[in-house]
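The values are calculated or read from the model by the stated rules, or taken from the named source; none is laboratory data. The structure presented is a predicted model; accordingly, all values stated were derived computationally and were not measured. Heads up, the Cβs are rebuilt from the backbone with ideal geometry, glycines too, and the neighbour counts pull from every protein chain shown. In case anyone asks, the SASA skips ligands and DNA or RNA and just uses the protein heavy atoms, side chains included. Shrake-Rupley method; radii C 1.70, N 1.55, O 1.52, S 1.80 Å.
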Amino acid sequence: QGELVESGGGSVQSGGSLRLSCVASVAIYSINRMAWYRRAPGKQRELVANISGGGSRNYADYARGRFTISRGDSKNTVFLQMNNLKPDDTAVYYCYLWNGKDEYWGQGTQVTVSP
């Protein structure tokens, strides 16, 4: 297994919800950032949301109000709660970590939203 392991992807109908999880197995320093990115078919990878070690959050416009990013108590886990999913949300979702020193990427988890 890699340094970041994602889970929670799957297939849902439009309007449904999914919760993605990502667990990091590397050291995380006090100044750090975790994030979720996605790559839709035929498109470039884009930021969905990020969260700092201090809890500051940023969202892409399309995610704000529907998606929520959060960290686990142990700080080595990041979640993405996705509600009211739309077909345009279909993509491979990637977990990202900057641990204060190095960058890490997960393998990606597929999210498919049907009409």
#### Entry: Pick from region 1-47, criterion of a type in the set (S, T, N, Q) and closer than 19 Å to GLN107 by Cβ, ranking: least open to solvent (accessible area, probe 1.4 Å)
SER21
### Summary
Among (1) crowded, with 19+ Cβ neighbours inside 10 Å; (2) under 19 Å from SER17 (Cα atoms), LEU97 falls short only on (2)
### Query
Could you say whether any residue in region 18-39 is at pLDDT 95 or above and assigned to a loop (DSSP other than H, G, I, E, B)?
no
### region 69-93, residues that are open to solvent by less than 40 Å² (accessible area, probe 1.4 Å), over 10 Å from the mean Cα position of the chain (by Cα) and of a type in the set (Ser, Thr, Tyr)
THR77, THR90
### Count of region 31-49 residues which are free of Cβ contacts under 8 Å to residues at least 40 places away in the same chain and within 8 Å of the chain's Cα centre (by Cα)
1
### Task
Kindly provide the set of residues from region 100-109 that are crowded, with 19+ Cβ neighbours inside 10 Å and part of a strand (DSSP E or B), ordered by number.
THR109
